[in-house]
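Reading through the structure tokens given below for one structure.
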Amino acid sequence: MNRKAQEPVPPCGMHVLFEYECPHCHRPTDVNAPSQPGIIRCVWCGNRFPIIPVDPYVMDYFRLMTCDGRAAADPDYL
């Protein structure tokens, strides 16, 4: 078995989570950058509620400015 020390791996992509406050219990539910309006279920109380989608231009900006997450790596570790 090869017991070489492994080199740390930098990020190769990203997901952006947005929090939506449940109108019933007022606790946050995470959603992965919704691009369409929809109905989600609160992970805390189980109630469903409609959400507003994220502006796709904002997501394009995040991806462009971070090189799809790769530029977010801490330079002290590269």
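The values are calculated or read from the model by the stated rules, or taken from the named source; none is laboratory data. Owing to the predicted nature of the structure, the values given are computational and were not obtained by experimental measurement. Virtual Cβ from ideal backbone geometry, glycine too; neighbours counted across all protein chains shown.
Only one residue in Tyr20, Tyr77 is touching a residue at least 24 places away in the same chain (Cβ under 8 Å) and in contact with a Phe, Trp or Tyr (Cβ under 9 Å, 6 or more places away or on another chain), so which one is that?
Being touching a residue at least 24 places away in the same chain (Cβ under 8 Å) and in contact with a Phe, Trp or Tyr (Cβ under 9 Å, 6 or more places away or on another chain) holds for just one of Tyr20, Tyr77, which is Tyr20.
Can you pull out the residues in the range 12-66 that are among the hydrophobic types (A, V, I, L, M, F, W, C) and within 29 Å of Leu78 (Cα to Cα)?
Correct list: Cys12, Met14, Val16, Leu17, Phe18, Ala33, Val58, Met59, Phe62, Leu64, Met65.
Yes or no: the range 19-33 includes at least one residue that is on the phi < 0 side of the Ramachandran plot, at pLDDT below 95 and assigned to a loop (DSSP other than H, G, I, E, B).
Checking the range 19-33: not a single residue is on the phi < 0 side of the Ramachandran plot, at pLDDT below 95 and assigned to a loop (DSSP other than H, G, I, E, B).
Given the conditions (1) in a loop (DSSP other than H, G, I, E, B); (2) surrounded by fewer than 13 Cβ atoms within 10 Å (Cβ to Cβ); (3) at pLDDT below 95, and given that Asp76 satisfies all but one, which numbered condition is not satisfied?
(1)
Answer with yes or no whether His15 is surrounded by fewer than 13 Cβ atoms within 10 Å (Cβ to Cβ) and within 16 Å of the chain's Cα centre (by Cα).
Against the criterion (surrounded by fewer than 13 Cβ atoms within 10 Å (Cβ to Cβ) and within 16 Å of the chain's Cα centre (by Cα)), His15 qualifies.
Would you check which residues across the range 34-56 are in contact with a strand residue (DSSP E or B) (Cβ under 8 Å, 6 or more places away or on another chain), surrounded by 10 or more Cβ atoms within 10 Å (Cβ to Cβ) and either at pLDDT below 95 or not charged (D, E, K, R) (or both) and list them?
Pro34, Gly38, Ile40, Cys42, Val43, Trp44, Asn47, Phe49, Pro50, Ile51, Pro53, Val54, listed by residue number.
How about the range 33-56: which of its residues are aliphatic (A, V, I, L, M) and free of Cβ contacts under 8 Å to residues at least 24 places away in the same chain?
Residues satisfying the conditions are Ile39, Ile40, Val43, Ile52.
All but one of (1) surrounded by 12 or more Cβ atoms within 10 Å (Cβ to Cβ); (2) outside any loop (DSSP other than H, G, I, E, B); (3) without any contact (Cβ under 8 Å) to a residue 40 or more places away in the chain hold for Met59, so report the exception by its number.
That leaves (3) as the condition not met.
Name the one entry in Cys45, Cys67 that is assigned to a loop (DSSP other than H, G, I, E, B) and within 30 Å of Gln6 (Cβ to Cβ).
After ruling out the rest, the residue left standing is Cys67.
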